[in-house]
Amino acid sequence: MTTATALWSFALVVGLLTLTPGLDTALVLRTAALGHRARAWGVVLGIQTGVLAWGALTSLGVTALLTASHLAYEALRWAGAAYLVWMGVQMLRKTFGGHAVQEAAQERATPDTFTSGWRQGALTNLLNPKVGAFYVAVLPQFLPADTNHLAMGLLLTTEHILLGLLWSTALIAGARLLSTWLRRPTARRTLDRLTGTVITAFGLRLALGD
């Protein structure tokens with residue numbers, strides 16, 4: 001396999017993965033739809049920081065050791081599942097009863113900060129061992145034998161990040177067009193319940209090992 005073939009092939013695989021609706025998409029859409037542009041970009045770049053970390057660690061062979069160690073993998077899996085379920089349940093809980101009004105007021109008063117979004121995006125990605133498992137299983141297949149594996153692995157990871165940034169830009173632009181409608185109390189509750197359900201479901205799937 002040549003370098004050019006590896007780049008095109010990997011772009012196709014991760015491009016389809018990026019376009020598939022999932023946890024990252026739900027987080028970015030929810031944050032952007034509420035009008036928190038700085039926080040939304042923080043979430044995006046936090047997610048991509050996680051992708052870069054997993055790609056670099058895989059290229060160095062560290063994640064292969066993590067996958068081989070059942071105890072380490074299980075500890076990370078349960079930590080990630082607990083974090084996702086907690087985040088999803090918090091979103092769901094705040095949409096019922098007096099919590100909805102209180103949360104809406106609190107959301108308006110909360111600073112739209114890049115840092116808080118970055119922290120949420122990075123934690124969500126780094127605590128998901130399935131991302132690491134994907135890189136361990138897929139990335140080595142796109143490393144030509146005559147290349148420096150670390151450099152090539154980082155190049156392929158950068159390609160994944162760029163595709164993620166392009167897709168996130170489209171998501172944020174689309175969410176901003178609907179932000180006025182989505183910030184209505186009824187629409188907000190629907191959005192939070194949908195996002196909370198998706199995140200909780202991902203956490204439960206991770207806990208159950210599906």
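The values are calculated or read from the model by the stated rules, or taken from the named source; none is laboratory data. If you're wondering where the values come from, they're calculated on a predicted model, not measured in any experiment. Cβ: placed from backbone, ideal geometry, glycine included. Neighbour counts: every protein chain shown. For the accessible areas, the whole protein counts, side chains as well, though only heavy atoms, and no ligand, DNA or RNA atoms are used. Shrake-Rupley method; radii C 1.70, N 1.55, O 1.52, S 1.80 Å.
Can you pull out the helices (runs of 4 or more DSSP H) entirely within the stretch 23-82 that have at least 3 residues that are at pLDDT 80 or above and open to solvent by 50 Å² or more (accessible area, probe 1.4 Å)? Working first, answer last.
Values: elements: 23-33, 37-60, 62-68.
Per the criteria, 37-60.
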TODO: Could you tell me which of the residues 137, 207 is in a helix (DSSP H, G or I), open to solvent by 30 Å² or more (accessible area, probe 1.4 Å), in contact with a helix residue (DSSP H, G or I) (Cβ under 9 Å, 6 or more places away or on another chain) and at pLDDT below 80?
DONE: 137
TODO: State all residues of the stretch 191-201 that are open to solvent by 20 Å² or more (accessible area, probe 1.4 Å) and modelled with pLDDT under 75; if no residue qualifies, say none.
DONE: 191
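A quick yes/no check of all residues on (1) modelled with pLDDT of 80 or more; (2) outside any loop (DSSP other than H, G, I, E, B); (3) not hydrophobic (A, V, I, L, M, F, W, C):
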position: 89; (1), (2), (3): yes, yes, no
position: 96; (1), (2), (3): no, no, no
position: 100; (1), (2), (3): no, yes, no
position: 106; (1), (2), (3): no, yes, yes
position: 116; (1), (2), (3): yes, yes, yes
position: 124; (1), (2), (3): yes, yes, yes
position: 133; (1), (2), (3): no, yes, no
